[in-house]
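Scroll down for the structure; my scribbles are underneath it.
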Amino acid sequence: MEMPDGSEFISEGIYKEILTHEKIISSADFKPMTEDVELQALFEKDGEKTNFTFNVVHKTEEYCLQQEKMGFMNGWGSVFDRLKAFVEASDNA
């Protein structure tokens with residue numbers, strides 16, 4: 001996966017469950033920073049909009065806290081900022 005600064009890192013995972021327009025559940029390994037987490041992307045129709053919930057499930061609370069200290073939440077924040085810009089650009093195209 002390419003980062004905004006041009007650097008790259010390896011992202012691997014397995015899709016565990018896909019329900020169209022409802023949810024995507026996968027494993028995720030973002031080597032070397034994060035390994036063996038579950039990603040849950042949940043979608044819920046709300047009129048003309050879609051509510052989106054995103055969960056990252058770590059095996060232990062300790063591992064979750066370690067990841068938070070490493071900036072895990074900031075990393076996902078930048079991903080969602082990029083997603084928002086993409087969606088807004090697509091809406092204006």
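Rule-based calculations on the coordinates, nothing more; no lab input. Everything quoted here is computed from the prediction, not taken from an experiment. When we count neighbours, we look across all protein chains shown, and the Cβ atoms used for this are built from the backbone with ideal geometry, even at glycine.
Data table
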read-out	value
Out-of-range pairs (alpha-carbon distance over 22 Å; input Lys23/Lys59; Lys23/Lys45; Lys49/Lys69; Lys45/Lys69)	Lys49/Lys69; Lys45/Lys69
Residue-wise HN-Hα coupling along the range 15-24, computed from phi with Karplus coefficients 6.51, -1.76, 1.60 (Hz; x: Gly, Pro)	6, 9, 7, 9, 10, 3, 6, 10, 7, 10
Contact order normalised by residue count of the range 27-80, Cα under 8 Å, 6+ apart, percent	24
The range 10-87: C-alpha gyration tensor shape, a/c 1.5 cut-off, then a/b vs b/c	prolate
Estimated dipole of the chain in Debye, rounded to 20 [Cβ of Lys and Arg +1, of Asp and Glu -1, Cα centre]	100
The range 46-92, dipole about Cα centre (Lys/Arg Cβ +1, Asp/Glu Cβ -1), debye to the nearest 20	160
Whole-number percent relative contact order across the chain, with pairs defined as alpha carbons under 8 Å at least 6 apart	15
